[in-house]
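Asker: Structure incoming, see below.
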There are 2 protein chains.
Amino acid sequence: MEEYIYPLQSQWDKLIERPTASYDDLEDLVSNVFEQIKTRGDDAIFEYTNEFDKVQIHKLQVDKKEILDGVNNVPKDLKNAIQKAKNNIEKFHKAQITKTVKVETQPGVKCWQKKQPIEKVGLYIPGGSAPLFSSILMLAIPAQIAGCNDIILCSPPNSHGKLPKELLYTAQLCGVTKIFKVGGIQAIAGMTFGTESIPNVYKIFGPGNQYVTVAKQMASRYKTAIDMPAGPSELLIVADETADPDFVASDLLSQAEHGSDSQVILVTTKKSILENIKGAINEQLQNLPRKNIAKKALINSKMIVLENDETAVAFINSYGPEHYIICVENENYYVDNVRNAGSVFIGKYTPESAGDYASGTNHTLPTNGYSKQYSGVNLDSFTKAITFQKINKQGIQDLGESIELMAAAEGLVGHKNAISLRLKKINNEV
Amino acid sequence: MEEYIYPLQSQWDKLIERPTASYDDLEDLVSNVFEQIKTRGDDAIFEYTNEFDKVQIHKLQVDKKEILDGVNNVPKDLKNAIQKAKNNIEKFHKAQITKTVKVETQPGVKCWQKKQPIEKVGLYIPGGSAPLFSSILMLAIPAQIAGCNDIILCSPPNSHGKLPKELLYTAQLCGVTKIFKVGGIQAIAGMTFGTESIPNVYKIFGPGNQYVTVAKQMASRYKTAIDMPAGPSELLIVADETADPDFVASDLLSQAEHGSDSQVILVTTKKSILENIKGAINEQLQNLPRKNIAKKALINSKMIVLENDETAVAFINSYGPEHYIICVENENYYVDNVRNAGSVFIGKYTPESAGDYASGTNHTLPTNGYSKQYSGVNLDSFTKAITFQKINKQGIQDLGESIELMAAAEGLVGHKNAISLRLKKINNEV
């Protein structure tokens, strides 16, 4: 990790930069796969699965027997752990339900706003070395609470043409309606256009590598919404001498092991704490199975010493971390001044791992500074707000003239007429 | 308007199609303007304003004196009308404020979700034949309620290098912090990158022509969010024999006058009502100043007769109208079954004009079927939700093992370690 001691504010722009890649060179490939799947459907998906995932499959949807086999083979203690996580995630996301907002803005003018579920959503779960079933919890649980009708899931098959049992178990536990063995660009294209097997969806959620990221961007050109722009995962910790260096090191490493493009930042106003934390990192790193990945991530990472709490808070808000751990004595000051962050973890017994799996908050969060304008996934990510209004005779009589004046000033006489006609008929009735 | 009597469900896909244009041919132009403004800032903006808007300006920001002059010249009755609209819009959007959601998901595990304003937002208001000051009400009022720090506004100067007085009046009334005389692609690029005069923003809102639409799409590639994908405005009315044909015609025309690419749809289960409505349209059309625009829009428009209420509701939800007027006896059935729509207007005294200007609801709404997955602009469009969590000793002791099991099953030993270390230290303390 590079160290920056009292950097000038003019250097901040450089310090808040993320190690992002440009994916322009993937656009042609992605666009080509989209075109093929749009026109040839399942056939094209089978071919790409053979080409990219090196496995020949003949059926995309996972059938009931496969699901049941998976479910039966997950160890009981892991099932209990997943169920416990589900309970917490459910509680927190159910608490986010908003009632209909209803207001009589003036006598006879009733306006209300009501959330409705997005009817068809698609969840993408990456494959690779380990089954990331925790992301199913984070996406399918709020989708189910929101009331989405179709919750479909796509994930790439392994070399035997199967999906991991943990994934099948979690999917059926959380109300996923259909599961498909398809990954990468072809999964995103399938959910965008629909094929013989895969239904099209209105919004696509979930993490993925650079191919999936570009494919999701492409999907958004075809009337499909996406959860948020994706980037490598990141964590910022602010710590002082009251923080346990071992805990801080373990949290930095838990983020660093995600991928070699992950970024971890330590911010402090106490230069003296750096040595112990560095020592703890080096010690813990030795025993990590993914230490090569973590080491690479640490190269992109920084330890930054700032003058005082005020400067530290300003820096952190300009960075806008995805995950943000606060481990300082002056905790309330930092918490009260959070402006830009995905999810905030407070105090020494609140590691990022807790939110990644089981405390109840969502782990699908804005990276790359997008916390300045995007929320992490939450219940409302699966709904849209519709407004309603009903105006009675008195309401339109009281409000009509104002509308006429404004419509006329905008040169929209048709808009004005819609009011004038009504006012005239009401007057004639009297 | 074309008529479709009892169309087969297999024809619906065709019927719900919008008259959309492809803007691929504008991408090169937009990309070029973005590049110039990114590198050359204000100078490039002055040049493009000269080229596109045919006016030479030397200062982008509107100064206090210009604003004051504008404010003083707006007629008193129009000011009152705007103020009345502001009151209603404010009431409805203030009612959308959500309190912090706080849950103890299990003993010692506290999670909460808090909305924070997006600090810097940009509003785009198109120029053209008439000043669309009503869009300022719809965007600046919720931005101010949300607590956005910087609310900047861009709108193209007229041939005298000025902005319309109604626009200046509404902007200062609604808390816009800076107003700039710049339009089109160059305005969007300016707000995306920032220039010597124009601050960059985190999210851009507002309507616009095809150039602005493509520019907003381009902005979203540069870490700037946008309100929603834009398309031509549209209205669907469901009516029966209890609806007043004059009112229905006036509402259809108020939508049709927006632009020649607007679309209006009449749905009914009562074929007999069509003749009277057509008669009323033809009659009212004669007196519209924008009748040529409205006539063109009517060519893209349809009258559709369906078998029964159930089929009508299914069709309307598959169309997902931006504006949706319900004028039938069986009103509750239609209201209760709204799944996809931007804003719904109920009953004969609730014309779309009311919501366009003054009833309180927002008029920035999803078009082109995007109501299936997007909300119209609302208070939350100007905020993002941040989650927080704080776990105590008991919490991590009770939850720790579940997290360890799940992290291990995902092959993320670093994540597991962050828990194990804490559990170990807690046990050693005892």
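The values are calculated or read from the model by the stated rules, or taken from the named source; none is laboratory data. Please read these numbers as outputs of a predicted model, since none were measured by experiment. For neighbour counting, all protein chains shown are included, and Cβ atoms are generated from backbone atoms with ideal geometry for every residue, glycine included. Ligands, DNA and RNA are stripped out before the accessible areas are found, and what is left, the full protein with its side chains, is counted by its heavy atoms. Shrake-Rupley method; radii C 1.70, N 1.55, O 1.52, S 1.80 Å.
Asker: For residue A:304, what residues show an amide H to amide H distance below 5 Å, using hydrogens built from the backbone and excluding near sequence neighbours?
Answerer: Those qualifying (amide H under 5 Å, at least 5 residues apart or on another chain) are A:4, A:266, A:267, A:268.
Asker: Note the distances from residue B:52 to each other copy's matching label point, with points 7 Å along the Cα-to-beta-carbon direction, in nm, sorted shortest first.
Answerer: Taking the point 7 Å beyond Cα along Cα→Cβ, the inter-copy spacings are 3.6 nm.
Asker: Next up: If DNA, RNA and ligands are ignored and the probe is 1.4 Å, what is the ranking of B:48, B:211 by accessible area, most exposed first?
Answerer: Ranked from most to least accessible, the order is B:211, B:48.
Asker: Can you run the Rg to Rh ratio on chain A? Use alpha carbon positions and the Kirkwood inverse-distance Rh.
Answerer: Taking Rg over the Kirkwood Rh, I get 1.06.
Asker: Run through all the Cα pairs of region A:102-155 and give the fraction in each 10 Å bin from 0, expressed as whole percent.
Answerer: 21, 33, 19, 15, 9, 3, 0
Asker: In addition: Return the average number of partner chain Cβ atoms within 10 angstrom of each residue Cβ along peptide B:419-425.
Answerer: 5
Asker: Could you give the dipole magnitude of the protein assembly as shown about its Cα centre, charging the beta-carbon of Lys and Arg +1 and that of Asp and Glu -1, in debye to the nearest 20?
Answerer: 1360
Asker: With a 1.4 Å probe and all protein chains kept in place, how much accessible area does residue A:193 have, in Å² rounded to the nearest 10?
Answerer: That residue has around 50 Å² of solvent-accessible surface.
Asker: Continuing with this model, one more query. Using a 10 Å cut-off around each Cβ of peptide B:336-343, what is the average number of partner chain Cβ atoms that fall inside?
Answerer: Rounded to a whole number, the mean comes out at 4.
Asker: Let me ask something else. With +1 assigned to the C-beta of every Lys and Arg and -1 to the C-beta of every Asp and Glu, and no other charges, what is the dipole magnitude of chain B about the Cα centre in debye, to the nearest 20?
Answerer: 1920
Asker: Taking the Cβ of residue A:67 as the centre, find all other residues whose Cβ is under 15 Å away and add up their charges (Lys, Arg: +1; Asp, Glu: -1).
Answerer: Charge balance near residue A:67 sits at +4.
Asker: Put the label 7 Å from Cα along Cα→Cβ for residue B:241; what are its distances to the other copies, in nanometres, shortest first?
Answerer: Going from nearest to farthest copy, the values are 8.8 nm.
Asker: A further question on this structure: Please arrange A:35, A:404 by accessible surface area, largest first, computed with a 1.4 Å probe and ligands excluded.
Answerer: Largest accessible area first, the list is A:35, A:404.
Asker: Shifting gears a bit: Grab the other residues whose beta carbon is less than 15 angstrom from that of residue A:23, score K and R as +1, D and E as -1, and report the net.
Answerer: Charge balance in the 15 Å sphere: 0.
Asker: While we're on this one: Determine the dipole magnitude for region B:24-230: charges of +1 sit on the beta-carbon of Lys and Arg, -1 on that of Asp and Glu, nothing else is charged, the reference point is the Cα centre, and the result goes in debye to the nearest 20.
Answerer: For this selection, approximately 1200 debye.
Asker: Report the accessible area of residue B:311, computed with a 1.4 Å probe over the heavy atoms of all protein chains in place, in Å² rounded to the nearest 10.
Answerer: 30
Asker: Order these peptides, B:159-168, A:23-32, by their mean beta-carbon neighbour count within 10 angstrom, highest first.
Answerer: Packing order, densest peptide first, comes out as B:159-168, A:23-32.
Asker: Sticking with this one: Could you rank the peptides B:58-68, A:255-265 by their average count of other C-beta atoms within 10 Å per residue, with the highest value first?
Answerer: In decreasing order of mean packing, B:58-68, A:255-265 become A:255-265, B:58-68.
Asker: Another question, if that's okay. Once you average over the residues of A:248-258, how many Cβ atoms of partner chains fall within 10 Å of each Cβ?
Answerer: 4
Asker: What is the P(r) of the protein assembly as shown, as percent of Cα-Cα pairs per 20 Å bin from 0?
Answerer: Binned Cα distances yield the sequence 15, 45, 33, 7, 0.
Asker: Okay, moving on. How high is the relative contact order of chain B? Use alpha-carbon pairs under 8 Å, at least six apart in sequence, and give a whole percent.
Answerer: Once normalised by length, the contact order is 21 percent.
Asker: When the Kirkwood radius is taken over all Cα pairs of region A:30-164, what Stokes-Einstein diffusion coefficient follows at 25 °C and 0.890 mPa s, in µm²/s?
Answerer: Taking Rh from Cα pairs, D becomes 134 µm²/s.
Asker: Between beta-carbons, use under 12 Å as the cut-off and find the net charge around residue B:390, counting Lys and Arg +1, Asp and Glu -1.
Answerer: Once positives and negatives cancel, what remains is +2.
Asker: Roughly speaking, to the nearest percent, how much of the protein assembly as shown's 1.4 Å accessible area is carbon and sulfur?
Answerer: The C+S portion of the solvent-accessible surface of the protein assembly as shown is 46 percent.
Asker: Here's a follow-up. Check which residues have an amide H placed less than 5 Å from residue A:328's amide H, if you skip close sequence neighbours.
Answerer: Counting only residues 5 or more places away or on other chains, the set is A:347.
Asker: Let me ask something additional. Can you pull out the buried accessible area for chains B and A, both sides counted, probe 1.4 Å, rounded to the nearest 100 Å²?
Answerer: Heavy-atom accessible area buried at this interface is about 10500 Å².
Asker: What percent does the relative contact order of region B:24-230 come to when contacts are Cα pairs within less than 8 Å and at least six residues apart?
Answerer: Relative contact order here is 27 percent.
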